[in-house]
Amino acid sequence: MAMTRKRRLIAAGALLLALAAAWILIPRGAGFDRLKSRDDYNVILITVDTLRADRIGCYGFQGVETPTMDMFASRGVKFDRCYAPTPLTLPSHTTLMTGTHPAHHAVRDNGGFVVPSELATLAELYKAKGYATAAFVAAYVLDSKWGLDRGFDHYFDRFDLSRFERISLGSVQRPANEVIDESLAWLAANKDRPFFAWIHLYDPHTPYEPPPEYAARYPNNPYLGEIAFTDSQLKRLWDALSGWGLADDLFLVFAADHGESLGEHNESTHGFFVYQAAIHVPLIFVTPFPGLQGVSTAQVCGLVDVLPTLCEMSGLPVPAQNQGSSLVRSFFKPERTARELAYAESFYPRFHYGWSELKSVQDDRWKLILAPAPELYDLTRDPREQTNLAAVEKKVFADLSAEAERFLAQIERNALEIDFRKIDEDTREKLASLGYIGSFTDSAKLKGRKLADPKDKIGVFNELSRARELGMSGDPEEGARIIRAIIRDDPDIADAHFALGNIYFKQRKFLEAVAAFKRSLEIKPDDSFTVINIANSYVGLRRLEEAEAFVLDYLKKGFSDSQLFYLLGNMSYHRKEYDKAVMYFEECLAQNPDSAASHNALTALYITRGDLVRAEEHNRSAMAINPKLSNVHYNRAQILEARGDLAAAAESYRTEIASTPSHFKALFNLARVYRKLGRPEQERACLESAVEADADFPLTYFYLARIRLNSGEDYGQAVALVKKGIELEPEKHDLALGYFLLADLYNRLGEASLSRDYALRGQTLAAETAGRR
C-alpha cells in the first residue's frame with residue numbers, strides 16, 4: 001500500500017513536471033494568437049503627458065470625469081502598477097518606443113539629447129511589416145529633431161519657434177483638439193490599410209490652462225480641468241473610430257509618460273524627484289477580444305515593457321536591444337505571476353545643478369531610492385512615501401540595495417554613449433538665443449565629489465524655477481533679485497548664473513548679461529549654449545568684433561565645437577563679410593558633415609552673391625540631410641524664382657509657410673510671385689498675412705497700396721498704407737518707391753501740388769541711390 005502511494009506521488013510529480021515543461025515550450029503568444037482572426041490589426045498608441053494614474057476615474061479617483069479613459073479600462077487590460085522610467089518627456093518616450101532603459105539609451109533629459117540611431121523603434125518595426133505609420137505630437141520636446149520620428153511615414157510636429165521671445169522646451173505646445181484634428185484627417189485617409197499611429201497629448205502639463213468650460217467645471221484645480229478636456233478629445237477620436245467601424249478591430253494602448261507631483265514632497269511639477277506621484281502612470285491595453293476586457297492586474301511593470309508586449313500582440317520580431325518583458329501573459333493571468341522590479345531615475349539635478357542624480361527600484365511592496373541619503377518605503381503601508389525606513393528595515397534595505405546594484409549593472413551593459421552635440425547647429429543656436437536652459441554639467445567632472453542630495457535642495461530648485469518664470473514673463477527685477485540671493489548662498493549653480501543672464505538679456509542689460517553668462521561659463525567651461533549667449537550679448541552691445549574675438553578665443557582654448565563655427569559664420573554673414581562666412585561655415589561642415597544648417601546658410605549666402613549653381617548644390621545637400629530644416633524650402637524657392645520657374649517657386653514658398661506660418665519673408669516673396677503670375681487676389685492675401693506675421697516690414701504696406709492703386713479702389717486707404725510704410729523708415733531705395741506711390745495716388749485724388757512734391761522727393765532719392773550704386 002505504501003509502495004502504491006509512493007508510485008502515485010511519483011506519477012503526480014512527473015505529470016506536474018510535464019505540464020510545467022509544456023507551459024515553457026508553448027510559444028508565449030500562443031494564447032493571444034488563438035484570439036486573433038488575422039495578423040495585421042491596426043494599432044493606436046496614445047500617450048498623455050504628465051498624467052498621474054491616481055487622477056483618473058478607472059484608477060480610483062472620484063474628483064474628475066474621465067469617461068473615455070474609464071471606457072478604455074472597461075474594454076481592456078489595466079495595469080495598476082505601471083511606472084515611468086523617468087519623470088521627463090523625451091527620455092520616457094524613448095524608453096517606451098525602444099524597449100530600453102535610460103541607462104542604456106542614454107537619453108536622460110529633454111533637449112540636447114537625440115534618440116540613438118542604433119536602436120530600432122516601434123514605428124520602424126511596424127513599417128517593416130508593411131504598416132502605414134504616423135505620429136502626432138503636441139509639444140516641441142518631442143519634435144522630430146530629437147529623433148523619435150524614425151520609422152514614421154508622417155510625423156506631425158511643425159513647431160514655430162519664431163513666435164517665441166524666450167522659451168522653455170515645455171512652453172512650445174499645442175492643445176489636444178488640434179492634435180486630434182490632425183490625427184483624424186490622417187486616419188480618415190489611411191483607414192483602409194493596416195496602420196500604426198501614435199497620438200501624444202500634452203494638456204495636463206504646465207501651464208494648467210484648460211478651455212473656459214473645463215476651467216469653470218474645475219475652478220480650484222485646473223490640472224483636473226486639463227485632464228477632463230483631454231478625455232473629451234479622446235472621445236472625439238473614439239467616436240470617429242467607431243463611425244468608421246475600426247473601434248472593434250483595433251489594438252489601442254493608453255499610457256502616460258510620467259505623472260505630476262502637485263506639491264507632494266515640496267515639488268510642484270515633475271522632473272526633480274522619483275516619488276510615486278511623478279512616476280506612477282496609467283497603462284491600458286484595449287483589444288477587441290471579450291475575454292480581455294475589464295481586466296485589472298497588480299503586476300508591477302514599466303513603460304519599458306510596452307514594446308515587447310506590442311511585438312507579441314502584433315507578431316513583430318523583438319529587437320535584440322529589448323530590456324523589457326512582454327505583459328501578454330498577465331492579460332490571461334491578471335493575478336501577480338512573478339516578482340518584478342520597476343526602475344526609475346532622474347538625472348535632472350545632476351545635469352543642471354551639479355547635485356546628485358536619483359535612482360529607484362521597487363517591487364510590489366518596497367521602494368528603494370538611491371541618493372546620498374538613501375530612502376526606503378513600504379508602499380503597502382505608506383503609499384505617499386512619508387516614512388523613510390532605511391535605518392529601520394536594515395535587511396530589506398541591504399537585500400534591495402544589492403538587487404538594485406545587479407539590476408543596474410545589467411541594464412547598463414553595452415550602454416550607448418551620451419552625445420550632447422547631435423542636435424543640428426541651427427536648432428542649438430535658436431534654443432540658446434531663446435533662453436532655453438539646455439546646458440549640462442559634464443557628469444565625468446563630478447566624479448569624486450560629494451554631491452548634494454536633491455531633497456535638501458528642493459527649496460533652491462523651486463525658488464530658481466519661480467525666478468525664471470518671473471524673469472521671462474512678469475517681474476524681471478524680482479526674478480533677478482531672487483536669483484542673486486540664491487547665488488549668494490550657493491555661487492556654484494551654473495544654471496542660476498545662466499538664468500540671471502537671460503533675465504538681463506531680456507531687459508537689454510547686455511553688460512550685466514555678459515558678466516552673468518561668463519560666470520556660468522567658468523563653472524561649465526565646455527558649454528556652447530553659454531558661449532552663444534555671450535556672443536549674442538556682445539552683438540546686442542553692437543560690439544560685433546568683440547563677439548567674434550570672444551568665440552575665437554574660446555576655440556583656441558581647445559573647446560572645439562561645430563556649433564561655434566556656425567555661430568561665427570552667421571555673425572560674418574550679417575556683417576556682409578561673405579568670404580569669412582564661407583570659411584566658417586565650411587569649417588563647421590568639416591567638423592560635422594551632416595550640418596544641414598551650414599549647407600542652408602551657404603545656400604542663402606550664394607543666393608545673395610548671385611551664384612545659383614553653388615546655392616543649389618548646398619540646398620540639395622541641406623534637403624537631403626534634413627528636409628524639415630527652417631528656411632530650406634524658402635531658399636529653394638528663391639533659387640527657382642531667380643531662374644524664372646515661378647510655379648515651382650510658389651510651391652516651395654507654400655511648403656515653407658506650411659511649416660512656419662509666420663514666415664513673413666516667404667509670405668512676402670510668394671506675394672511677389674503671384675504678382676508676376678498675374679494673380680492679384682492671391683497676392684493681396686499673402687501680403688495681408690505677411691502684415692500679420694510682421695507688422696514692421698515697410699514694403700508690405702507699399703505693395704498693398706499698389707494693389708489698391710492698380711485696381712482703382714479706395715485711394716485714401718492706399719495713401720494711409722504708404723504713410724504707414726514710410727513711418728517704419730525703409731531703406732532709401734525702398735523709400736523712393738513709397739514717394740512715387742504717393743505721387744501717383746495724390747495725382748488721382750486731384751492733389752496736384754502734393755503729387756509734384758512727392759514725385760520730386762522720389763526722383764531725388766532714386767538719383768541718389770543710383771549714384772551710390
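The values are calculated or read from the model by the stated rules, or taken from the named source; none is laboratory data. As the structure is a computational prediction, the values presented were derived from the model and not from experiment. All Cβ positions, glycine included, derive from the backbone under ideal geometry; neighbour counts span all protein chains shown. For accessibility, only protein heavy atoms count, side chains too; no ligands or nucleic acids. Shrake-Rupley method; radii C 1.70, N 1.55, O 1.52, S 1.80 Å.
Side notes on the structure shown:
- Cross-link pairs exceeding 24 Å in C-alpha to C-alpha distance, out of Lys518/Lys576; Lys145/Lys557; Lys367/Lys394; Lys36/Lys191, comprise Lys518/Lys576; Lys145/Lys557.
- Ile411 accessible area, assembled protein chains, probe 1.4 Å, Å²: 10 Å²
- Computed from point charges on the beta carbon alone (+1 for Lys and Arg, -1 for Asp and Glu), the dipole magnitude for the range 557-677 about its Cα centre is near 460 Debye.
- Between the Cα long axis of helix 528-540 and the first principal axis of the chain there is an angle of about 20°, rounded to the nearest 10.
- Taking the empirical scaling 2.2 N^0.38 Å for compact globular proteins as reference, the range 549-704 has a Cα radius of gyration ratio of 1.14.
- Between the amide H of Val300 and those of Glu340, distances stay under 5 Å, these residues lying 5 or more places away or on another chain, with hydrogens modeled in the peptide plane.
- For the range 517-569, pairs of C-alpha atoms spaced more than 18 angstrom apart make up 21 percent of the total.
- Near Ala390, the amide H atoms lying under 5 Å from its own belong to Leu376; only residues 5 or more places off or on other chains count, and H is placed 1.01 Å from N.
- Taking trypsin sites (Lys or Arg not before Pro) across the range 259-368, the ones in a DSSP loop with at most 10 further Cβ atoms lying within 10 angstrom of their Cβ are Arg339.
- Among Tyr343, Leu389, Leu368 the positive-end extreme of the charge dipole of the range 329-423 (Cβ point charges): Tyr343
- Computed from backbone phi, the HN-Hα couplings of the range 634-645 come to 4, 5, 4, 5, 5, 5, 5, 5, 5, 8, x, 8 Hz, rounded to whole numbers (Karplus: 6.51 cos²θ - 1.76 cosθ + 1.60, θ = phi - 60°; Gly and Pro given as x).
- Accessible area (Å², per residue) of the range 284-323, counting only protein heavy atoms and a probe of 1.4 Å: 26 Å²
- Dipole check for the chain: with +1 at the C-beta of Lys and Arg, -1 at the C-beta of Asp and Glu, and the Cα centre as origin, the magnitude is about 1260 Debye.
- In percent, rounded to a whole number, the relative contact order of the chain is 11, using alpha-carbon pairs under 8 Å and six or more apart.
- Diffusion of the range 619-773 by Stokes-Einstein, at 20 °C in a medium of 1.002 mPa s and with Rh set to the Kirkwood radius over alpha-carbon pairs, works out to 129 µm²/s.
- Environment charge of Glu651, counting only residues whose C-beta is closer than 13 Å and scoring Lys/Arg +1, Asp/Glu -1: -1
- Accessible carbon and sulfur surface of the chain relative to its total accessible area, %, 1.4 Å: 51 percent
- Over all projection directions, the Cα-based convex hull of the range 165-258 averages an area of 7.6 nm².
- Calculated P(r) tail over 13 Å for the range 476-530, as whole % of Cα pairs: 53 percent
- With all protein chains in place and ligands, DNA and RNA left out, the 1.4 Å accessible area ranks His104, His733 as His733, His104, largest first.
- For the range 117-136 versus the range 471-492, the gap between their alpha-carbon centres in whole angstrom: 45 Å
- Mean shadow area of the range 295-426, taken as a quarter of the surface of its Cα convex hull (nm²): 11.6 nm²
- Across all Cα atoms of the range 662-720, the radius of gyration (one decimal) and Dmax (whole number) stand at 10.7, 30 Å.
- Rounded to whole Å, the principal axis extents of the Cα atoms in the range 574-619 read 27, 22, 12, largest first.
- For the range 470-622: rounded, prolate or oblate by the Cα gyration tensor [a/c cutoff 1.5]: prolate
- Average accessible surface for the range 528-614: 42 Å² per residue, computed with a 1.4 Å probe over protein heavy atoms with every protein chain in place.
- In order along the range 201-206, phi translates into HN-Hα couplings of 10, 10, 4, x, 6, 5 Hz, rounded to whole numbers, per the Karplus curve 6.51 cos²θ - 1.76 cosθ + 1.60 with θ = phi - 60° and x for Gly and Pro.
- Principal semi-axes in Å for the range 38-170 [√(5λ), Cα gyration tensor, largest first]: 25, 21, 16
- In plain terms, the C-alpha convex hull of the range 193-329 casts an average shadow of 10.8 nm² when viewed from every direction.
- Of the peptides 125-132, 494-501, the ranking by mean beta-carbon count within 10 Å, highest at the top, reads 494-501, 125-132.
- Placing Glu357, Glu688 in order of accessible area, with the largest value first and a 1.4 Å probe, yields Glu688, Glu357.
- Scalar couplings 3J(HN,Hα) for the range 256-265, obtained by applying the Karplus form with A = 6.51, B = -1.76, C = 1.60 to θ = phi - 60°, are 10, 7, 5, x, 8, 6, 6, x, 5, 6 Hz; x denotes Gly and Pro.
- Here the convex hull built on the C-alpha positions of the range 256-328 has a volume of 112 cubic angstrom per residue.
- Of the peptides 709-718, 756-765, the ranking by mean beta-carbon count within 10 Å, highest at the top, reads 756-765, 709-718.
- With a cut-off of 12 Å between beta carbons, the residues surrounding Gly225 carry a summed charge of -4, where Lys and Arg count +1 and Asp and Glu -1.
- On full extension, the segment bounded by Glu617 and Ser268 gains 120.6 nm, given 0.36 nm per residue less the C-alpha separation.
- Of the three principal axes defined by the Cα atoms of the chain, the extents in descending order read 130, 62, 53 Å.
- Charge dipole of the range 631-761 about the Cα centre (unit charges at C-beta), most positive-ward option of Gly644, Pro680, Tyr758: Gly644
- Nearest-10 value in Å² for the accessible area of Glu178, using the 1.4 Å probe: 90 Å²
- What you get for the range 285-371, charging only the Cβ of Lys and Arg (+1) and of Asp and Glu (-1), is a dipole of about 140 debye around the Cα centre.
- Nearest-ten-degree value, helix 454-472 long axis tilted from longest Cα axis of the chain: 20 degrees
- Neighbours of Ile284 by Cβ distance under 9 Å: Lys/Arg scored +1, Asp/Glu scored -1, total +2.
- For the listed peptides 561-570, 203-212, a ranking on the average number of other beta carbons within 10 Å per residue, highest first, reads 561-570, 203-212.
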